[in-house]
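*Asks:* Please read through the structure below; I'll follow up with questions.
The values are calculated or read from the model by the stated rules, or taken from the named source; none is laboratory data. Quantities reported herein were computed from a predicted structural model and do not represent experimental measurements. Methodologically, a virtual Cβ is constructed for each residue, glycine included, from the backbone with ideal geometry; neighbour enumeration extends over all protein chains shown. Note: areas computed on protein heavy atoms with side chains; ligands, DNA, RNA excluded. Shrake-Rupley method; radii C 1.70, N 1.55, O 1.52, S 1.80 Å.
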Amino acid sequence: MVEMKVKYGEDNVILFQHSQEGLDYVLNNLGQKMVVLLDRNFHDGKEIDGIEVFEKIREKTSLVYVILITVSKISEIDGEVLKKLINKDLFKLESFTSDYSKILKLIDEAILVLGVRVDAVIEDWIMRHPNEKRDQVILKTKEGRSYTMNEILESIRMQTEIGVTFEKNLLKLAIELFSRQKLKLDD
């Protein structure tokens with residue numbers, strides 16, 4: 001924790017002793033880019049474990065990067081659980097190690113990827129707008145359906161058809177615009 005607070009800033013690293021409190025924080029702050037470091041194993045039978053926390057996050061968004069740390073050997077994790085982690089897009093799974101620099105490298109990698117993913121960039125752009133602007137319609141489909149920025153963001157977080165289509169079309173548009181003009185590397 002000390003190393004993370006030094007590296008990423010005291011205000012950017014939050015430790016929750018209870019998994020439900022951490023889950024509530026994540027779900028109540030989906031507008032913030034974040035990397036979640038989860039412990040699969042909780043010593044107290046009253047806590048929800050890291051797998052369940054991960055699943056509950058994935059019910060709301062695919063834009064939060066989750067790194068799951070476990071004291072178990074990965075080979076000891078049930079195959080169905082591993083499938084679930086892979087299919088629901090767990091960012092990284094690591095056996096606990098006393099080499100904390102390994103964990104910091106995983107976090108660095110998640111931050112880097114989070115900064116360049118199309119869906120995360122769109123989320124960042126939308127969240128920079130004031131609430132009243134995000135509630136205005138910005139997209140109308142051929143079928144006449146209208147979407148606000150907040151609805152687009154929710155669709156992207158849930159990876160619905162409209163969210164995925166919006167991402168693809170925006171990326172195609174960006175490539176088309178980029179290819180129309182010669183830009184210098186520092187533009």
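*Asks:* Pairs needed: first member in region 127-141, under 23 Å from Met34 (Cα atoms); second member anywhere, surrounded by 10 or more Cβ atoms within 10 Å (Cβ to Cβ) and not aromatic (Phe, Trp, Tyr); C-beta distance under 6 Å; at least 6 residues apart or different chains.
*Replies:* Taking only residues 6 or more apart or on different chains, the pairs are Met127/Gly31; Arg134/Met149; Arg134/Asn150.
*Asks:* Does Thr165 count as in contact with a strand residue (DSSP E or B) (Cβ under 6 Å, 6 or more places away or on another chain), more than 30 Å from Thr70 (Cβ to Cβ), among the β-branched types (Val, Ile, Thr) and open to solvent by less than 70 Å² (accessible area, probe 1.4 Å)?
*Replies:* For Thr165, the condition - in contact with a strand residue (DSSP E or B) (Cβ under 6 Å, 6 or more places away or on another chain), more than 30 Å from Thr70 (Cβ to Cβ), among the β-branched types (Val, Ile, Thr) and open to solvent by less than 70 Å² (accessible area, probe 1.4 Å) - is not met.
*Asks:* How many of the residues making up region 11-60 are under 24 Å from Leu82 (Cα atoms), polar (S, T, N, Q) and modelled with pLDDT of 85 or more?
*Replies:* The number of residues fulfilling the criteria is 2.
*Asks:* Then there's this: Take the residues of region 153-162 that are open to solvent by 30 Å² or more (accessible area, probe 1.4 Å) and of a type in the set (A, V, I, L, M): which is farthest from Ser62 (Cα to Cα)?
*Replies:* Restricting attention to region 153-162, the residues satisfying the condition of being open to solvent by 30 Å² or more (accessible area, probe 1.4 Å) are 154, 158-162.
Remaining after also requiring of a type in the set (A, V, I, L, M): 158, 162.
Working: Met158: 6, Ile162: 15 Å.
Selected residue: Ile162.
*Asks:* Do you know which residues across region 172-181 are at pLDDT below 90 and in a helix (DSSP H, G or I)?
*Replies:* Ala174, Ile175, Glu176, Leu177, Phe178, Ser179, Arg180
*Asks:* Of all the residues that make up region 16-27, how many are open to solvent by 40 Å² or more (accessible area, probe 1.4 Å) and touching a helix residue (DSSP H, G or I) at 6+ places or on another chain (Cβ under 8 Å)? Even if it seems obvious, please write down each step before you answer.
*Replies:* Going through region 16-27, the residues open to solvent by 40 Å² or more (accessible area, probe 1.4 Å) turn out to be 16-18, 20-21, 24-25, 27.
Subset that is touching a helix residue (DSSP H, G or I) at 6+ places or on another chain (Cβ under 8 Å): 16, 27.
Total satisfying the criteria: 2.
*Asks:* Further question: If we keep just the residues of region 145-171 that are of a type in the set (Ser, Thr, Tyr) and not in a helix (DSSP H, G or I), which is modelled with the lowest pLDDT?
*Replies:* Filtering region 145-171 for residues that are of a type in the set (Ser, Thr, Tyr) and not in a helix (DSSP H, G or I), the one modelled with the lowest pLDDT comes out as Thr160.
*Asks:* Now a separate question. So which of Val81, Val2 is free of Cβ contacts under 8 Å to residues at least 12 places away in the same chain and of a type in the set (Val, Ile, Thr)?
*Replies:* Every option except Val2 fails the conditions.
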